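*Asks:* One structure is given below, represented as structure tokens, and several questions about it will come after.
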Amino acid sequence: MKYIGSKAKIANEIVPILQSYISAYNIKQYVEPFAGGFNVIDKIQCEYRLGNDIDPLVCELVEACRENPALLDELNTPSRAEYYDVRDNPDKYPCWYRAAVLLFGSYNARVYGGCYGATAVTKDGKTRNYFNEACENFRRQLPALRNILVGCCDYRELRLPERERVLVYCDPPYSDGIGYGGGKFDTAQFWEWCRTQTAAGHIVIVSEYAAPDDFVCIWQHEITTHLNNRNKQNRIEKLFIHGGAQWHKYTT
Ligand SMILES: C[S@@+](CC[C@H](N)C(=O)[O-])C[C@H]1O[C@@H](n2cnc3c(N)ncnc32)[C@H](O)[C@@H]1O
């Protein structure tokens, strides 16, 4: 799914790493506290998968459409006026519909505080329908979303099992980033939460650009991120594991 901060482009590299932990430790439960567009968890093979996100829009859309993919046939590319009406009048529309219009129709998938981007005229003068592209992309993803438990809460409210080792893959808002609702995401508190999970016996792997010293980098790759058409940045995507020597030697 088109989603801000999506890992779709690097999923083919990080999924095998996560999968290697699932095999090496015979993991039965995989949890993603920050599932976003479900672009990593949809490719993971594990007996139980829980995809959680604090954003109700994405949770609504996944749950409604995987039960009833025909809902997507009801969608038409929104005009600018329709988009802002849906954005500004939450009670007027069904949740799944509002989620689809905002997630597929916002510029660069910036649902909160973003602007209309359902269609745009490209450099060669043609009109590109980003809304339809995002909708079809999501339709293709739907079969892979079956059997994923969907949670919708703050990651700190998740209760992981006490007697079973879980693989937890975290892709939180980046440390200089904005958290859900517009506030700053408290990264220091997040690292503390990871430590608590490792102490409870779970394996915690995190996508971030940098991490405290007790987290070991197990993979990195330079990629170009497009903040918008004019603003491109090269950044080094990394995966970290907490508990270093305890786990990291088992990676591929
Ligand atoms: C970088 S995105 C995840 C992208 C996802 N890995 C993908 O490939 O589509 C980070 C996600 O964290 C969610 N988030 C932010 N604060 C959160 C919190 N306190 N608890 C749970 N989820 C949160 C955001 O709603 C966002 O979907």
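*Asks:* From the backbone phi of the range 118-126, what are the Karplus-calculated ³J(HN,Hα) couplings (6.51 cos²θ - 1.76 cosθ + 1.60, θ = phi - 60°) in whole Hz, Gly and Pro given as x?
*Replies:* Per-residue couplings from phi come out as 5, 9, 7, 8, 7, 4, 8, x, 8 Hz.
*Asks:* Still on this structure: How do 50-56, 4-10 rank on mean C-beta neighbours within 10 Å, highest first?
*Replies:* Highest to lowest by the protection proxy: 50-56, 4-10.
*Asks:* Still on this structure, I have one more. Would you mind checking Lys2/Lys92; Lys9/Lys232; Lys2/Lys232; Lys9/Lys238; Lys9/Lys126; Lys7/Lys232 for any pair whose Cα atoms are more than 20 angstrom apart?
*Replies:* Violating the 20 Å Cα-Cα cut-off are Lys2/Lys92; Lys9/Lys126.
*Asks:* Relative contact order for the chain: what percent, with Cα pairs under 8 Å and sequence separation of 6 or more? Working shown, then result.
*Replies:* Numbers: 415 pairs, mean separation 50.6, N = 252.
Worked out over the chain, it gives 20 percent.
*Asks:* Would you mind classifying the range 57-143 by shape? Square roots of the alpha carbon gyration tensor eigenvalues, ordered a ≥ b ≥ c; an a/c under 1.5 is rounded, otherwise it is prolate if a/b is larger than b/c and oblate if not.
*Replies:* Oblate, since a/c reaches 1.5 and b/c is not below a/b.
*Asks:* If I take the Cα coordinates of the chain and project them onto the principal axes, what are the three extents in Å, biggest first?
*Replies:* 54, 38, 31
*Asks:* Okay, moving on. Output the peptides 202-208, 232-238 sorted from most to least packed, where packing is the average of other Cβ atoms within 10 Å over each peptide's residues.
*Replies:* Ranking, from highest mean packing down: 202-208, 232-238.
*Asks:* Taking the mean number of other Cβ atoms within 10 Å as a proxy for protection, how do you rank 142-152, 98-108 from highest to lowest?
*Replies:* 98-108, 142-152
*Asks:* Then there is this: Report ³J(HN,Hα) in whole Hz for each residue of the range 210-218, in order, from the Karplus equation J = 6.51 cos²θ - 1.76 cosθ + 1.60 where θ = phi - 60°; Gly and Pro get x.
*Replies:* 3J(HN,Hα) across the range 210-218, in whole Hz: 8, 8, x, 5, 7, 10, 9, 6, 10.
*Asks:* Carbon and sulfur together cover what percent of the accessible area of the chain at a 1.4 Å probe radius?
*Replies:* 48
*Asks:* Can you give the relative contact order of the range 57-143 as a percent, counting alpha carbon pairs under 8 Å and 6+ residues apart? Write down the numbers at each step before the final one.
*Replies:* Values: 98 pairs, mean separation 25.6, N = 87.
Relative contact order here is 29 percent.
*Asks:* Mind checking which of Gly125, Gly37, Gly113 has the largest fluctuation in a GNM of the chain, springs on alpha carbons under 10 Å?
*Replies:* Answer for the Gaussian network model of the chain: Gly125.
*Asks:* Can you tally the net charge around Gly151? Count Lys and Arg as +1, Asp and Glu as -1, for every other residue whose Cβ sits under 13 Å from the Cβ of Gly151.
*Replies:* -4
*Asks:* Which value in deg cm²/dmol, rounded to the nearest 500, describes the helix-derived mean residue ellipticity at 222 nm for the chain, given -39,500 (n - 2.57) per DSSP H run of n ≥ 4 and division by the residue count?
*Replies:* One gets -8500 deg cm²/dmol as the mean residue ellipticity at 222 nm.
The values are calculated or read from the model by the stated rules, or taken from the named source; none is laboratory data. Remember, predicted model here, so these are calculated numbers, not experimental data. Here Cβ is always computed from backbone atoms with ideal geometry, including for glycine, and neighbour counts include all displayed protein chains. Side chains included, ligands, DNA and RNA excluded: accessible areas come from the protein's heavy atoms. Shrake-Rupley method; radii C 1.70, N 1.55, O 1.52, S 1.80 Å.
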